[in-house]
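K.L.:
Take this structure first; my questions come after.
The values are calculated or read from the model by the stated rules, or taken from the named source; none is laboratory data. These numbers were taken from a predicted model, which means no experiment stands behind them. Cβ placement follows ideal geometry from the backbone for every residue including glycine, while neighbour counts extend to all protein chains displayed. When the accessible area is computed, the model is the full protein with side chains, heavy atoms only, and any ligands, DNA or RNA have been set aside. Shrake-Rupley method; radii C 1.70, N 1.55, O 1.52, S 1.80 Å.
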Amino acid sequence: MTPWIMSAAIGAIATATVLLSAIVFRKHSACGECGIRLPKIRVPTSLRQALWGGFTCQNCGTELDASGQKIRSVPFRSN
Ligand SMILES: [Zn+2]
């Protein structure tokens, strides 16, 4: 194995480990509105959620930010 392949493989393994532990050890957040626990694997339902994080509660349908708080204000509103 050539040295650059070795370091590329080590880098890939390190990255995968960090990403995996971020998912596995992440604090389980709950819906700020109905209190139901939110899934660990986040599926964004809008572009804003994909960019900034957050959830849509599957129980009550409330839009939540990344920490599980209800989103009140709509960003970039014109009025
Ligand atoms: Zn909820």
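K.L.:
Specify the residue that is surrounded by the most Cβ atoms within 10 Å (Cβ to Cβ); the eligible residues are those in region 1-30 that are in a loop (DSSP other than H, G, I, E, B) and modelled with pLDDT under 85.
P.N.:
SER29
K.L.:
Please go through region 35-60 and give me each residue that is within 8 Å of the ligand (Cβ to nearest atom), open to solvent by 50 Å² or more (accessible area, probe 1.4 Å) and either assigned to a helix (DSSP H, G or I) or closer than 14 Å to ILE71 by Cα (or both), ordered by number.
P.N.:
CYS60
K.L.:
Can you tell me which residue in region 61-70 is least open to solvent (accessible area, probe 1.4 Å), limited to those that are within 12 Å of the ligand (Cβ to nearest atom) and part of a loop (DSSP other than H, G, I, E, B)? Show your work before the answer.
P.N.:
Keep residues of region 61-70 that are within 12 Å of the ligand (Cβ to nearest atom), which gives 61-64, 68-70.
When the remaining residues are screened for being part of a loop (DSSP other than H, G, I, E, B), the result is 61-62, 68-69.
On the way: GLY61: 48, THR62: 20, GLY68: 1, GLN69: 106 Å².
Top of the filtered list is GLY68.
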